[in-house]
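A short worksheet on the structure shown next.
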Amino acid sequence: MIEIKKLKQIDLKSCLDLIHNEKEYFSDLESIGWNNKQIRSQFNKDIDYSIGIYKNNNLISFMLGDLISIEKNAEYEILVLYVKKSERREGFASKLLKYIEKQKKNLNLKKIYLEVSKNNNNAIYLYKKNKYNLINIRKNYYLIKNQKIDSLCYLKLL
């Protein structure tokens, strides 16, 4: 059974366990600062609006993000989107994107932002497929494995 839900403090352990069990696949995200401490900090933020997918009561995918209110409207920034290695290519990342988009009315959501490293071809394909538009390039933004890599900034207007 698949369940998509907003993650709460109680889900932090599941999130950290998934990362710990997938350390080799999570290493690029970890190299840009997404370690256990940063993820704990994310869950404690007032603007945290992270969501996850549970399959048979096990977390298999999550999206960490911030919900930022600007006057009466809201914007969402995707900080991390991760799918368990064995569950990739099953559409779970797209399900997370669609889930947040469906919250448009409830949250008065107008925009979704994200950044992705230029060398993350699978993620770039995912965002393009889901109609996110490239709006900016930050030159040499990330340092991954001692290599400076551009950041691609994407936006989706809802």
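The values are calculated or read from the model by the stated rules, or taken from the named source; none is laboratory data. Because the structure is a prediction, the values reported are computed rather than measured. Virtual Cβ from ideal backbone geometry, glycine too; neighbours counted across all protein chains shown. In case anyone asks, the SASA skips ligands and DNA or RNA and just uses the protein heavy atoms, side chains included. Shrake-Rupley method; radii C 1.70, N 1.55, O 1.52, S 1.80 Å.
Listed here are the residues, each with its yes/no results for (1) under 15 Å from the mean Cα position of the chain (by Cα); (2) closer than 22 Å to GLN147 by Cβ; (3) acidic (Asp, Glu).
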{"residue": "SER31", "(1), (2), (3)": "no, yes, no"}
{"residue": "ILE47", "(1), (2), (3)": "yes, no, no"}
{"residue": "GLY52", "(1), (2), (3)": "yes, no, no"}
{"residue": "ASN57", "(1), (2), (3)": "no, no, no"}
{"residue": "TYR76", "(1), (2), (3)": "yes, no, no"}
{"residue": "GLU115", "(1), (2), (3)": "yes, yes, yes"}
Given (1) acidic (Asp, Glu); (2) outside any strand (DSSP E or B); (3) closer than 13 Å to LYS6 by Cα, GLU30 misses just (3)
Report yes if some residue within region 3-10 is open to solvent by 30 Å² or more (accessible area, probe 1.4 Å), within 15 Å of the chain's Cα centre (by Cα) and closer than 24 Å to TYR141 by Cα; otherwise report no.
no
Note on region 86-111: residues within 20 Å of ASN136 (Cβ to Cβ) and touching a Leu at 6+ places or on another chain (Cβ under 7 Å) are LYS110, LYS111
Those strands (runs of 3 or more DSSP E) completely within region 39-158 that have 1 or more residues that are at pLDDT 95 or above and open to solvent by less than 20 Å² (accessible area, probe 1.4 Å) are 51-55, 58-70, 73-83, 109-117, 147-157
Listed by first then second residue, the pairs whose first member lies in region 22-34 and is under 16 Å from ILE78 (Cα atoms) and in contact (Cβ under 8 Å) with a residue 40 or more places away in the chain, whose partner is assigned to a helix (DSSP H, G or I) and open to solvent by less than 60 Å² (accessible area, probe 1.4 Å), with beta carbons under 8 Å and at least 6 positions apart or on separate chains, are TRP34/PHE26
